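Below is one structure, written out as C-alpha cells, with a few remarks after it.
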Amino acid sequence: MAVRPIRVYPDPILKQPCAVIDHCDASADALLQDLIDTMLDSGHSVGVAAPQIGDSRRAVVVDVSKSKLGRDNNHGLLTMINPQIIDREGTHTMREGCMSVPDYTGNVERAQSVVVQFTDRDGCERVIRTTGFEAVAIQHELDHLDGLLFLDRVSSLKSDVFRRKG
Amino acid sequence: MQHFALTIIGRDRPGIVSQVTEILYRTGCNIADSSCSILGGQFAMILIIAHSEIADRDGFCGAFLPLEETGLSVFLRTLKPGGEKHPHMEGEICLISVYGSDKPGIVYRVSRELGERQVNITDLNTKLIGTEQRPVYVMMLEAVLPPTMEIDEISRIMNNLKNELQVDISVRSITPVEL
C-alpha cells in the first residue's frame, strides 16, 4: 500500500483511455489499495481514478460519505473495477474541480441519477443505483478512465483556489 | 514580470480580438487572465497582461495607437507587485439571482446589503429583457461569504429585500466540489 503522487495535466496519461482489467488479481487489488490510500491522504478528496496516480487501468475509488454534500446519501467506500454506467436519468449541474487540474473549476452538467455496473474488490459483480453528489462523483471519476477531464464538459470556467476542507 | 491591466472597449465588429492579440503577441506580452464580452452594442475586453522587460506604460511606445485609430478606447493600468494574484477567499460561494419588473436601485440595494456584511461580489451580470412596455431586469451575481456566514443567513436577508423591491430573488450554493 502506498500514497502515490497525483498526476497533473498536461501529463499525457490523463488523456489516454484506460485498459480493461481482465483478472481481479493481487496487482489489481494493490492498485485499489493505492487509490484508497491516495484518496484518504489528500484529506478532502471523494474519489480517485487510476490514471490520476499514473496507472492506465479501469479502476476508481469513490467515497462521499465523509463530505457534507454526500453524507446522507451514499454507498460508503466504493471500489470499482471496469465500471460502466448502464442507465442515466435527469440532469444536475455542479461546479466541479479536480486534483489533476488545480486552481480551476467549471460548471458541469451530469446525470442526476445513474445505474453503475462494476466488479468490486472481492471480485463480485455489482449493480447500484446512485443519485446526487455520489452520482456526480462517480461520473467524474469514470470520465478519467476514458481520458476525459471536466474541462471537456464545462459550460463556463472560474478560477478558484481550493479550500482544504475535511 | 511586470503586470498590467488592459481594458479595451468599442463598437462590436468581427476582428477586434485578433487585432488586439496581434499587438500583444508582437510586443511580447503574455495574457495571464482575461474576460471579454459584448455589452449592448459594445465589445469589452479586460485583460491582465505581463511583460518581462516593459516596466511602465511608456514602455509600450504607442503600441496600442492603431486600436484607437480604429475607434476602440484603450486604457492601460500598471499593477503594483502582487496585483495580478487571485486573493485566497475562505467562505462559501453563492449565486444570487434577482429578477423582476425594472425599477431604479435594484443593483444598489442588493449590493449594499452584501457590502455591509463583507460579502465579496466576484462576478456580476445584469440584463434588461422583456418588452419595452414591460421591461424585466435580471441580475446574476456570484459572491464569497465571510468564513463565518452561512448561506441561510444571506437567504434570509435577500428574502426581506424581495418584499421591499418587489422582485424575485433566489440564493443557492455553488461552492465547488473537488473530485
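Going by the conditions given, is A:Asp122 over 14 Å from the mean Cα position of the chain (by Cα) and farther than 24 Å from A:Leu149 by Cβ?
Yes: the conditions hold for A:Asp122.
What is the one condition in (1) in a strand (DSSP E or B); (2) touching a residue at least 60 places away in the same chain (Cβ under 8 Å); (3) closer than 30 Å to B:His88 by Cβ that A:His144 does not satisfy?
(1)
So A:Gln112 ticks every box in (1) within 14 Å of chain B (Cβ to nearest Cβ); (2) over 21 Å from A:Asp34 (Cβ atoms) but one. Which box is left unticked?
Here A:Gln112 clears every test but (1).
Tally up the residues in the stretch B:86-113 that are under 30 Å from B:His3 (Cα atoms) and more than 14 Å from chain A (Cβ to nearest Cβ), please.
1
In the stretch B:116-163, what residues are touching a Phe, Trp or Tyr at 6+ places or on another chain (Cβ under 9 Å) and crowded, with 16+ Cβ neighbours inside 10 Å?
Selection gives B:Tyr137, B:Val138, B:Met139.
Would you please name the residue that is modelled with the lowest pLDDT, looking only at residues in the stretch A:76-130 that are among the acidic types (Asp, Glu) and not in a loop (DSSP other than H, G, I, E, B)?
So the residue we want is A:Asp103.
Only one residue in B:Gly100, B:Gly59, B:Gly115 is part of a helix (DSSP H, G or I), small (Gly, Ala, Ser) and over 25 Å from B:Ile23 (Cα atoms). Which one?
Sole residue among the options that is part of a helix (DSSP H, G or I), small (Gly, Ala, Ser) and over 25 Å from B:Ile23 (Cα atoms): B:Gly115.
The values are calculated or read from the model by the stated rules, or taken from the named source; none is laboratory data. Remember, predicted model here, so these are calculated numbers, not experimental data. A quick note on method: Cβ atoms are made from the backbone with ideal geometry, for glycine too, and the neighbour counts reach across all protein chains shown.
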